[in-house]
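Contents: one structure, followed by commentary.
The values are calculated or read from the model by the stated rules, or taken from the named source; none is laboratory data. Note that the structure is a prediction, hence the values are computed from the model and not measured. All Cβ positions, even for glycine, are placed from backbone atoms using ideal geometry, and neighbour counts span all protein chains on display.
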Amino acid sequence: MKQRSFGCLVFGQCLANAGDVFYIVALISLVYSVTGSTLFVSLVPFTNTLTMFVSGLIAPILLDRFSLKKVLVYSQLIKTLLLMALAVYAMVFIQPATITLLFLLVGLISFFDGWASPARSSMIPRLVPRDQLVKANSLVSITDQSIQLGGWALGGIILSSFGSTGMFWITFSVYMLSTLMMGFIVDRKHANWQEKQGNALRKAMVEGWQIIFKNRALRTIHLLMVFETVASTAWLSAVLYVFIRERLKTGVAWWGYLNTAFFIGMLLAGFVGYRSALIKNRPILTVVTGSGMVCLTTLFFGFNTVPWVALLLIAANGIFDQLKGISLQVILQTTADDRMLPKIYSTQNALVTLVFGLSTVAAGAVSDRFNIIFTFIGASVLLMISFVILLKKKNTLITEQHETTSDVQ
């Protein structure tokens, strides 16, 4: 039953992720065709980031009162209904004067999407045995990266064939299938969520932050995430575009090649995690090695001017970054109590979303004002700080595994 439920979770989320890619492709095309403005197009990720952050702050209240399955199913169902409204709007009401309504719908879709991610991550250790967590997280990684790798290309084909409106309706169908698949999940471990209805709103919202702050292992993991999230803005598509033109001196086709190489690297890491016992037997070593290699590949990439070497470096970066990410995911899931995981992941999503949103602005400013190489040097410095912190704090990731976090309640 657990394995079947995990399969429903993975396949349902796979469909949801594919729908998300199709939705973004259609949305960007629609916004640009209506407004002809890159400013309005840039407001799409800004709106998504802002509403995802707010959603991450509110998510603990819902996860405190409802089962993870309910949060997953109903958030996806509401997203599906909102997308149907967006498709109808695109068919009937779309014009520059009503563009505010479009962004309102976009914000609402992102808001409800912010509930799904912590619920999914928290549900994985409830649906698979502890000794299968590495394989489970690796499989999730494989499906996620496969969607990212193929979804954008397929989305472009669908867009050229059916247009933005037609693509919205296709996405609606994919979302419906995703909702149905998640409905088949059976979580027999879920607690009696109704017992917590008396919790004050403020307590529910800050509990995840308290858990992370009081647990040394979780505090270390999230400190690493902050530095690495800021550094990850060096790989933004806009930054890579400038790098290709100024450093590699190649055409825009290499923009796609580099992105593809990065996702292939992450996909390969998923297969390594699934087939190899490395992460399961030596998770701390994997995290330390991955952290150091991500720092080095980022630095070498910034100084490199040879296109094919850039492909190898960005692929290697993707491999080590994903291996590290899978290992940290497993460590987090075995460090925290199952009941606390939804709040921890909600807090993590809010934190990462806020840091990434602010960092993108900083990365753009640095890239505009200075040579593009300084963006990668800055990212490498942050990754080096993260690596040093990891070396000093790595023992906390071992000694506090599966330490209960219920003492903050």
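Values computed for the structure shown
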read-out	value
Top-ranked residue in the stretch 251-262 [being within 15 Å of residue 372 (Cβ to Cβ) and modelled with pLDDT under 85; ranked as surrounded by the most Cβ atoms within 10 Å (Cβ to Cβ)]	254
Neighbours by Cβ (under 6 Å, 6+ apart or cross-chain): first from the stretch 244-259, assigned by TED's automatic domain parsing to the domain that holds residue 306; second of a type in the set (S, T, N, Q)	244/250; 247/305
Breaking point among (1) part of a helix (DSSP H, G or I); (2) over 30 Å from residue 388 (Cα atoms); (3) modelled with pLDDT of 80 or more, for residue 153	(3)
Residue check for residue 138: within 30 Å of residue 269 (Cβ to Cβ), of a type in the set (Ser, Thr, Tyr) and in a helix (DSSP H, G or I)	yes
Those residues of the stretch 245-260 which are assigned to a helix (DSSP H, G or I) and either within 17 Å of the chain's Cα centre (by Cα) or small (Gly, Ala, Ser) (or both), in sequence order	253, 256, 259
Residues located in the stretch 341-356, provided they are within 20 Å of residue 331 (Cβ to Cβ) and of a type in the set (Gly, Ala, Ser)	346
The stretch 34-64: number of residues that are over 23 Å from residue 91 (Cα atoms) and not in a helix (DSSP H, G or I)	1
Qualifying residues in the stretch 8-45 (those that are crowded, with 16+ Cβ neighbours inside 10 Å and aromatic (Phe, Trp, Tyr)) - the one nearest to residue 184 (Cα to Cα)	11
Test for residue 114: is it in contact (Cβ under 8 Å) with a residue 40 or more places away in the chain, farther than 18 Å from residue 11 by Cβ and not assigned by TED's automatic domain parsing to the domain that holds residue 341	yes
Test: residue 157 is among the β-branched types (Val, Ile, Thr), surrounded by fewer than 16 Cβ atoms within 10 Å (Cβ to Cβ), assigned by TED's automatic domain parsing to the domain that holds residue 19 and more than 16 Å from the chain's Cα centre (by Cα)	yes
Of residues in the stretch 228-244 being within 19 Å of the chain's Cα centre (by Cα) and either of a type in the set (Gly, Ala, Ser) or crowded, with 23+ Cβ neighbours inside 10 Å (or both), the one nearest to residue 376 (Cα to Cα)	234
Failed criterion for residue 175 (all others in (1) modelled with pLDDT under 90; (2) not assigned by TED's automatic domain parsing to the domain that holds residue 259 hold)	(1)
Output for the stretch 263-310, where each listed residue is of a type in the set (S, T, N, Q) and surrounded by fewer than 18 Cβ atoms within 10 Å (Cβ to Cβ)	276, 281, 289, 305
Qualifying positions in the stretch 65-116 - more than 23 Å from residue 32 (Cβ to Cβ), touching a Lys or Arg at 6+ places or on another chain (Cβ under 9 Å) and either among the acidic types (Asp, Glu) or not in a helix (DSSP H, G or I) (or both)	65
